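Below is one structure, written out as structure tokens; comments come after it.
All of the numbers you see were taken from the coordinates with simple rules; none came from a lab. Quick caveat, the model's predicted, so the values are computed rather than measured. Note that each Cβ is placed from the backbone with ideal geometry, even for glycine, and that neighbours are counted across all protein chains shown.
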Amino acid sequence: MMAGTFELWVDKGGDWRFNLKASNGQVIATSQGYASKANALKGIESVKTNAPDAAVVEL
């Protein structure tokens, strides 16, 4: 099974954003807008580092 992938792009407003896609190509998360590519890449690294053990909270 292929791991998920991150897609990085610039939106119409000039902000950098990313999607996290599942192995089947479905978008499972979309980021906020970032002012720079470097900050968007830091956001991706944060997701990679902090999400593996994230709790599920039902509201």
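For this structure, a couple of remarks:
- Computed about the Cα centre, the dipole magnitude for the chain is approximately 200 debye when only Lys and Arg (+1) and Asp and Glu (-1) carry charge, each at its Cβ.
- With only Cα atoms counted, the range 5-50 has Rg and Dmax values of 10.3, 29 Å.
- Other residues with beta-carbon under 14 Å from the beta-carbon of Phe18 carry, at +1 per Lys or Arg and -1 per Asp or Glu, a net charge of +1.
- Spin-label proximity, Leu41 to the range 1-26 - amide N less than 17 Å from point 7 Å beyond Cα toward beta carbon: 6-10, 16-19
- Each of Ala35, Pro52, Asn19 was scored by the projection of its Cα onto the charge dipole of the chain, and the greatest displacement toward the positive side belongs to Ala35; charges sit on the C-beta of Lys, Arg, Asp and Glu.
- Fully extended contour minus Cα-Cα distance, from Gln32 to Ala54, at 0.36 nm per residue: 6.1 nm
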